[in-house]
Structure formats: structure tokens, C-alpha cells
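Undergrad: Input: one structure, supplied below.
The values are calculated or read from the model by the stated rules, or taken from the named source; none is laboratory data. Because the structure is a prediction, the values reported are computed rather than measured. Here the Cβ positions follow ideal geometry from the backbone for every residue, glycine too, while neighbour counts run over all protein chains shown.
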Amino acid sequence: MPNEEAEINASNNYMWREAVEVTKSHKAHIVVAVLGDGEDIKERGLIYTEIVSACSMQENAIGVFTSGVVFEPNYYIDSAQMIKEQALPIFNWIWFGLYQTDKGISAYTYGMDVFGKHELEIIDADEIPGKLMEFISSIVSYILLTDADLQDGETIVLSKKDKHKITLSTGIALPEQDTLKIAHEAETKKSWWRK
């Protein structure tokens with residue numbers, strides 16, 4: 001890949017410590033695209049995921065570069081199993097970034113634009129990473145399953161006591177675009193990141 005693009009994006013994968021080192025060893029790459037303007041984008045996404053998953057099973061496959069990150073092949077293959085369970089393989093389609101701030105932990109999506117949607121962000125949440133990931137991924141699943149278009153000023157209502165305001169503004173993790181910020185209050189407050 002030119003300009004060390006794969007290595008730079010491999011550094012985004014906080015779930016695979018060896019991502020950059022392994023990616024540096026690549027010798028060649030395969031480009032996969034599923035075309036069809038009139039076709040359903042989710043159907044094309046399913047076909048894409050199945051093809052890339054099959055390519056990832058090859059003996060010399062060392063990584064999958066998509067959604068702004070390099071995935072470990074077995075992670076990509078395992079995530080694609082959601083298709084067999086009649087679920088959307090959102091973890092193959094969308095990168096869920098997590099990063100620590102002085103005020104908490106923040107999360108963002110990368111890949112929603114492929115589906116014609118705004119990327120999502122949760123800023124400075126007082127939450128544990130697993131719960132935050134579960135929260136943002138459930139919203140992504142809802143958006144992609146129902147083709148929902150969340151708007152600035154709306155509120156996501158998950159239950160009578162669980163409501164989250166939506167704000168559209170310049171991205172924090174993705175400053176080159178507007179993102180939908182989802183307000184988040186943790187179910188259980190935990191200050192795991194503070195010294």
C-alpha cells in the first residue's frame with residue numbers, strides 16, 4: 001500500500017497489539033469491491049463481507065484493511081459469523097473507535113457514511129469501555145436495520161428512564177466532518193481511568 005497507508009491505519013486498532021508490526025510485513029494486497037448502484041447497500045455489504053472473509057482464510061492473509069483500520073483476519077472471519085445468525089455484520093462494516101480523555105472515555109464510528117448516515121460520537125462518557133461499545137453498537141444496529149435517519153435535536157428513547165439527546169456538530173475524533181453526538185450517562189458510574 002502506498003505512503004504506508006496500511007501501517008498508519010493499523011495503528012488505529014486498539015484490539016490487536018501487533019497490528020502495525022504484522023502489517024509492515026505485507027508484500028501485496030487484493031482490492032475487493034462490490035458494485036451496483038441500484039442494489040441495496042446492505043445486500044452489497046453482505047456479499048462484500050463474505051468475499052473478504054473467504055480471502056481472510058487464505059494461508060498468507062495477514063490483515064484486512066477496511067473502515068479506516070486493519071483487522072486481524074480471524075477477528076474479521078469471526079465477526080462475519082453474524083451473517084449466519086441472520087444479523088448484520090456491523091463489526092465488519094463499522095469501526096468503533098475508543099479513546100481516553102481527561103474527562104472520561106469517548107467512542108466514535110467510522111464507516112456509517114458508506115450507508116449514507118452520519119458518523120456517531122459519544123464524548124467524555126463516565127463508563128467502562130465494554131458498556132460504551134455495547135451502547136454505541138446497539139445504536140448502529142438500530143440505524144442500519146431500520147434505515148433510521150437521526151437528526152440534530154432529537155432524543156433516542158431506549159426506556160422511560162434511558163433517554164439520549166442527539167446533537168449534530170463538527171466531529172471531535174473526525175474533525176473533517178459533522179458527526180452526531182449521542183449524550184450518554186452510565187448505568188453504573190465507574191472512574192476506572194482516573195489516577
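Undergrad: Before we move on, is Ser106 of a type in the set (Ser, Thr, Tyr), within 13 Å of Lys181 (Cα to Cα) and outside the structural domain of Ile8 (by TED's automatic domain parsing)?
TA: yes
Undergrad: Is one or more of the residues making up the stretch 103-112 out of contact with any Pro (no Cβ under 7 Å at 6 or more places or on another chain) and farther than 19 Å from Val69 by Cα? Lay out the reasoning, then the answer.
TA: We begin by selecting, within the stretch 103-112, every residue out of contact with any Pro (no Cβ under 7 Å at 6 or more places or on another chain); these are 103-104, 106-112.
If we keep only those that are farther than 19 Å from Val69 by Cα too, we end up with 103-104.
Checking the stretch 103-112: at least one residue is out of contact with any Pro (no Cβ under 7 Å at 6 or more places or on another chain) and farther than 19 Å from Val69 by Cα.
Undergrad: Now for a different question. What are the residues in the stretch 116-131 that are closer than 16 Å to Phe91 by Cα and modelled with pLDDT under 95, if any?
TA: Once the filter is applied, which keeps residues that are closer than 16 Å to Phe91 by Cα and modelled with pLDDT under 95, the stretch 116-131 yields Pro129, Gly130, Lys131.
Undergrad: Is at least one residue of the stretch 66-85 of a type in the set (Asp, Glu), in contact (Cβ under 8 Å) with a residue 12 or more places away in the chain and not assigned by TED's automatic domain parsing to the domain that holds Thr146? Give the steps one after another, and end with the answer.
TA: Let us first name the residues in the stretch 66-85 that are of a type in the set (Asp, Glu), namely 72, 78, 85.
Cutting the leftovers down to in contact (Cβ under 8 Å) with a residue 12 or more places away in the chain gives us 72.
Of the ones still in play, those that are also not assigned by TED's automatic domain parsing to the domain that holds Thr146 are 72.
Yes, there is a match, as at least one residue in the stretch 66-85 is of a type in the set (Asp, Glu), in contact (Cβ under 8 Å) with a residue 12 or more places away in the chain and not assigned by TED's automatic domain parsing to the domain that holds Thr146.
Undergrad: Given the options Ile143, Ile166, Ile182, Ile172, name the one that is aliphatic (A, V, I, L, M) and in contact with a helix residue (DSSP H, G or I) (Cβ under 7 Å, 6 or more places away or on another chain).
TA: Details: Ile143 fails: in contact with a helix residue (DSSP H, G or I) (Cβ under 7 Å, 6 or more places away or on another chain); Ile166 fails: in contact with a helix residue (DSSP H, G or I) (Cβ under 7 Å, 6 or more places away or on another chain); Ile172 fails: in contact with a helix residue (DSSP H, G or I) (Cβ under 7 Å, 6 or more places away or on another chain).
The conditions single out Ile182.
Undergrad: Against the definition (surrounded by 19 or more Cβ atoms within 10 Å (Cβ to Cβ), in contact with an Asp or Glu (Cβ under 9 Å, 6 or more places away or on another chain) and more than 20 Å from Glu134 (Cβ to Cβ)), how does Val64 come out, yes or no? Working first, answer last.
TA: Details: surrounded by 19 or more Cβ atoms within 10 Å (Cβ to Cβ): yes; in contact with an Asp or Glu (Cβ under 9 Å, 6 or more places away or on another chain): yes; more than 20 Å from Glu134 (Cβ to Cβ): yes.
Against the criterion (surrounded by 19 or more Cβ atoms within 10 Å (Cβ to Cβ), in contact with an Asp or Glu (Cβ under 9 Å, 6 or more places away or on another chain) and more than 20 Å from Glu134 (Cβ to Cβ)), Val64 qualifies.
Yes/no per residue for (1) touching a helix residue (DSSP H, G or I) at 6+ places or on another chain (Cβ under 6 Å); (2) not hydroxyl-bearing (Ser, Thr, Tyr):
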{"residue": "Ile47", "(1), (2)": "no, yes"}
{"residue": "Asn60", "(1), (2)": "no, yes"}
{"residue": "Thr66", "(1), (2)": "no, no"}
{"residue": "Val69", "(1), (2)": "yes, yes"}
{"residue": "Asn74", "(1), (2)": "no, yes"}
{"residue": "Pro89", "(1), (2)": "yes, yes"}
{"residue": "Leu98", "(1), (2)": "yes, yes"}
{"residue": "Ile123", "(1), (2)": "no, yes"}
{"residue": "Lys131", "(1), (2)": "no, yes"}
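Undergrad: Does Ile128 fit the bill of being surrounded by 13 or more Cβ atoms within 10 Å (Cβ to Cβ), of a type outside the set (Gly, Ala, Ser), closer than 30 Å to Val20 by Cα and not assigned by TED's automatic domain parsing to the domain that holds Tyr14? Reasoning before the result, please.
TA: Working: surrounded by 13 or more Cβ atoms within 10 Å (Cβ to Cβ): yes; of a type outside the set (Gly, Ala, Ser): yes; closer than 30 Å to Val20 by Cα: yes; not assigned by TED's automatic domain parsing to the domain that holds Tyr14: yes.
Against the criterion (surrounded by 13 or more Cβ atoms within 10 Å (Cβ to Cβ), of a type outside the set (Gly, Ala, Ser), closer than 30 Å to Val20 by Cα and not assigned by TED's automatic domain parsing to the domain that holds Tyr14), Ile128 qualifies.
Undergrad: Mind listing whichever residues of the stretch 98-115 are at pLDDT 95 or above and among the small types (Gly, Ala, Ser)?
TA: Ser106, Ala107, Gly111, listed by residue number.
Undergrad: So His184 clears everything in (1) within 30 Å of Tyr48 (Cβ to Cβ); (2) crowded, with 20+ Cβ neighbours inside 10 Å except one condition, right? Which one?
TA: For His184, the failing item is (1).
Undergrad: Just give me the residues in the stretch 1-56 being basic (Lys, Arg), surrounded by 11 or more Cβ atoms within 10 Å (Cβ to Cβ) and either over 23 Å from Ile90 (Cα atoms) or not assigned by TED's automatic domain parsing to the domain that holds Asn74 (or both), in sequence order. Outline the logic, then answer.
TA: As a first pass, look at the stretch 1-56 and keep what is basic (Lys, Arg): 17, 24, 27, 42, 44.
After this cut, where a residue has to be surrounded by 11 or more Cβ atoms within 10 Å (Cβ to Cβ) as well, the list is 24, 42, 44.
Once the filter is applied, which keeps residues that are basic (Lys, Arg), surrounded by 11 or more Cβ atoms within 10 Å (Cβ to Cβ) and either over 23 Å from Ile90 (Cα atoms) or not assigned by TED's automatic domain parsing to the domain that holds Asn74 (or both), the stretch 1-56 yields only Lys24.
Undergrad: Residues in the stretch 113-135 that are hydrophobic (A, V, I, L, M, F, W, C) and either farther than 23 Å from Glu185 by Cβ or assigned to a strand (DSSP E or B) (or both): how many? Full working, then the answer.
TA: Pass one, the stretch 113-135, residues hydrophobic (A, V, I, L, M, F, W, C): 114-115, 120, 122-123, 125, 128, 132-133, 135.
Retained after the next criterion (residues that are either farther than 23 Å from Glu185 by Cβ or assigned to a strand (DSSP E or B) (or both)): 114-115, 120, 122-123, 125.
Counting residues in the stretch 113-135 that are hydrophobic (A, V, I, L, M, F, W, C) and either farther than 23 Å from Glu185 by Cβ or assigned to a strand (DSSP E or B) (or both) gives 6.
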